[in-house]
Structure formats: structure tokens, C-alpha cells
1. What's the total number of residues in region 397-415 that are surrounded by fewer than 22 Cβ atoms within 10 Å (Cβ to Cβ) and polar (S, T, N, Q)?
2. Got a sec? Which strands (runs of 3 or more DSSP E) wholly within region 196-279 have at least 1 residues that are of a type outside the set (Phe, Trp, Tyr) and closer than 29 Å to ALA348 by Cβ?
3. Can you go through GLY351, GLY373, GLY394 and tell me which one is surrounded by fewer than 18 Cβ atoms within 10 Å (Cβ to Cβ) and closer than 25 Å to GLY187 by Cβ?
4. What is the residue count in region 363-398 for residues that are part of a helix (DSSP H, G or I) and of a type in the set (D, E, K, R)?
5. Anything in region 418-434 that is part of a loop (DSSP other than H, G, I, E, B) and either in contact with a Leu (Cβ under 8 Å, 6 or more places away or on another chain) or among the β-branched types (Val, Ile, Thr) (or both)? List them, or say none.
6. Among the residues of region 301-320, write down those that are in contact (Cβ under 8 Å) with a residue 40 or more places away in the chain, surrounded by 13 or more Cβ atoms within 10 Å (Cβ to Cβ) and not small (Gly, Ala, Ser).
7. Among the candidates ALA122, ALA204, single out the residue that is out of contact with any Gly (no Cβ under 9 Å at 6 or more places or on another chain), without any contact (Cβ under 8 Å) to a residue 24 or more places away in the chain and assigned by TED's automatic domain parsing to the domain that holds ALA291.
Amino acid sequence: MLGEYRIEGRRASEIAASVERAVGAGELQPGEVLPPLRELAVYLEVNPNTVASAYRTLRDRGVIETAGRRGSRVRERPASTPREASRVEIPPGVRNASDGNPDTALLPPLEKALAVAARRSAERPVLYGAPTIDADLAGLAREAFAADEVPAGPLAVTSGSLDAIERVLTAHLRPGDVVAVEDPGWGSLLDLIPALGLRPAPVALDDEGPLPEQLARALDDGARAVVVTDRAQNPTGAAVSRQRAAELRSLLARHPGVLLIEDDHGHGIVDQPLYPLAGVTDHWALVRSTAKAYGPDLRLAVLTGDAVTVDRVRGRQLLGAGWVSHLLQDAVVHLWRTSAVEPAAVAAAYGRRRDALIRALAARGVRARGRSGMNVWVPVPDETGAVSRLLHAGWAVAAGARFRMQSPPAVRITVSGLSVDDMDPIAAAVASAIGSGDARRYE
């Protein structure tokens, strides 16, 4: 059955584990059709309800998808094969512009912040039963949210943006629900949604954020949640403008039952103002992480939202992780108060590199996008060929497949590890790799 691989098990959990194990090992390929429910039940000598339960489990875990009479098949990108697995191995001597990491030279030193946090811990140890959120962190977060005109709401602290988004989604949605998400968008989020048993609905975007007509279509088709990146959108660099925010708020106000999640991971590295969408739906959350401004290993994000959403997030968190370490919270408090690296200087540094690369590409007939953040998005006719030719030329870039659902092919170039002087050489390599004379056909 299914070629060389035989599905095994007598209980639903065993059957599901057998399929998931085969998918993870590559013995069942993406797109491969699973046996009809009753046929597999006869083969395994079990009740058809047992196989149906196994298939439901696999669907809820993002391993398979069902299409009515067309049966069940392994997802084109099952949860056991995340998009990060498609990273290119970078040979020695090749410049890395593919990883999406911040420039370490623009990160503040952590020694003093961690030392201050350690001293405070020694003076006032955090024990079981203590508040989950440091009072100073909460105060500073509320001030910053209020300055950006984010509606007042309770706070929670999570281990980064993705942790926050997962907790908010699971607080309200159930397997099978549809989530409207940017396309192209953050690869980890595009993996998370099916892993939770949810279904992504792609929403195209331009430099000013999600296109209202595309989001309207997703909402009319039944999307129960929307995830929007406010600034420094990964991978395109889009930032929601004032006018676009007004359009999106008006649209969302007509769908008050939709869950709205805003990801402001660009806080601290961008100079575009925040135009929040929050407050027009019954349930919402806005998340700010420290990863891009202070380093990915400082695993902390602050979220605010409506009372029901935040209460559900905090309640479920108490049953698992409990809380985010107050050592990290105190370190962030110190950095927020005293950071030697000003957000405006960081934004300007990234901006100079992005603008230089976009100009260098334009001079060679290649159009690119990169309004904010640390990435530039370049449409190409053939991702695999472009990535391969650039690697041969000494440059590693990320294939757009890591970030796309239905949007056209492209590559993402991270400018963090490059200097302004690098932009002409890499632009020349990109133009050569894609054929600059044909480049405008792929905008």
C-alpha cells in the first residue's frame, strides 16, 4: 500500500503516528494520496471510525489535507517539513544574505542589562505565586502602546512573536478555521497555521500593507482571523500606511467577529510610524517582540489585546510555561530605559543599505521592494535557477518559496550583513542571474 511504505496500527493514535513518521522520514511524499478510509480499514482490520479518527488527527496536526471526494493527501508542505528546512547550505567564501538575522553590530550589549537583572533577582527573588509580568515592564509597555495610539488593554508576556500569535490563535480558533495571512509572508507563520489544523487564506500586499480588496475576499469567504504585519513585513518590507490603515479598519469594522492579530516585530528598528488597526473587532491582539532590536536569543514579546483574549492567553500559559523569566523581563526594562543604540539610528542604517540595493538593482533594470526593515524582495522568473546562479557567483539569498503561497516567484535578500559598498556587486550578480533584460516582466 502506497508503494514501499505500509501504514500500520490498530488504534487511531498508532495509525496517525505511522503516517506522520513516514512523512517526516520522506517515505510519504508531499501530494501523495492516502488510501480511502474504508479501504485502509479493511487492510488494517479495524473499524472505519478508527481510520477516520486517525485522519482527523493528521489533518489537525497539519500533516494531511482532505478534499472531499478527492480523498486525503499529504500536504504539499506538511508540518513535519517546515519551510526553514529549505535553507541553502552555504559553502565557504560565499556571502550570506539569506538568513533574515539582524546586524549584530546594531544590537546593544547585553552584559550590563543581564547583570542588572541578576542583581535585582538576588535582592527580590521571583518565586511561585509572583505576578507573571514585571511591574516596570508593564508600565513601559503601556506607555509605548499609548504613544502609538494602541487601544488600552491588559498585557501578557510571551517567548517571542510566534509564541504570542500561536497562543492567540488557539485561544479562539478550532481546527478547520480559516486564517487570512499575507502572501508573501513570514515562513514560520505560514508553517504554524496548518500545524494548528487551521487553513491559510492568502492575502496579497503592496508596500503599504495588505490589499483591502484581497482581505475583503478572504473575509467574505469565511476567514475567522487575520494576521497583519504593521511594519518591516517579512519578506517584502511593507509598512501599513495611514491611508491603508483607515481602509483596513473600515473593512474590519464590518466583520466584528473576526480575530485580528497585529505583529509589530519591527518596533525598535524602523522609523515609519505605527498605524494600528486594533479596536474595531471584538477580539484583537497586538504583539511586540525584542528579537530584531535586541537579538533573537532574547526571547520576549509583549502583547496587548481585549480582556477576553489576553485572559485566555495568560490562563493557558499558567498551565504550561507559567511565565517568561523575570530575568529576561528585567533585562528588557534596562534596555528600554538605557539602550545605547537608538531606534532611529538602527532604522537609518538598515534604510541606507536597502535603498542602495534597490537603486543598484533599478539601474540594471531589476525592480525590487523594501520599504522598511532589513530585507529586499526581488521578483525573479525562476527561483531555483536564480538562487543557484547567485550561489555560484558568491552570494547566498533565500528562495521565495519559503515565504509564498500563491504570489509569484522571488528571492529575499537580507541586507543586515552587507555594507553599502556591497550593493553594486550583489545587484550586478542578481541582474546576471535573472537576465536583466527580462526582469520587468516579473514585477
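The values are calculated or read from the model by the stated rules, or taken from the named source; none is laboratory data. Only a predicted model underlies this, so the values are computations on that prediction, with no experimental measurement involved. Cβ sites come from the backbone with ideal geometry, for glycine too, and all protein chains shown count toward neighbours.
1. Here the count works out to 2.
2. Numbers: elements: 199-203, 225-229, 259-263.
Because the criterion is at least 1 residues that are of a type outside the set (Phe, Trp, Tyr) and closer than 29 Å to ALA348 by Cβ, the strands (runs of 3 or more DSSP E) in region 196-279 that meet it are 225-229, 259-263.
3. GLY394
4. The qualifying residues number 2.
5. LEU418
6. Here is the first cut: in region 301-320, the residues in contact (Cβ under 8 Å) with a residue 40 or more places away in the chain are 301-307, 309-314, 316-318.
Right, trim to surrounded by 13 or more Cβ atoms within 10 Å (Cβ to Cβ) and you get 301-306, 309-314, 316-317.
Those that are in contact (Cβ under 8 Å) with a residue 40 or more places away in the chain, surrounded by 13 or more Cβ atoms within 10 Å (Cβ to Cβ) and not small (Gly, Ala, Ser): VAL302, LEU303, THR304, ASP306, THR309, VAL310, ASP311, ARG312, VAL313, ARG314, ARG316, GLN317.
7. Testing whether each residue is out of contact with any Gly (no Cβ under 9 Å at 6 or more places or on another chain), without any contact (Cβ under 8 Å) to a residue 24 or more places away in the chain and assigned by TED's automatic domain parsing to the domain that holds ALA291 leaves just ALA122.
Listed here are the residues, each with its yes/no results for (1) under 26 Å from THR104 (Cα atoms); (2) hydrophobic (A, V, I, L, M, F, W, C); (3) more than 17 Å from the chain's Cα centre (by Cα).
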residue	(1), (2), (3)
LEU361	yes, yes, yes
ARG367	no, no, yes
ARG371	yes, no, yes
VAL376	yes, yes, no
VAL387	yes, yes, yes
ALA396	yes, yes, yes
GLN406	no, no, no
ARG412	yes, no, no
ILE426	yes, yes, yes
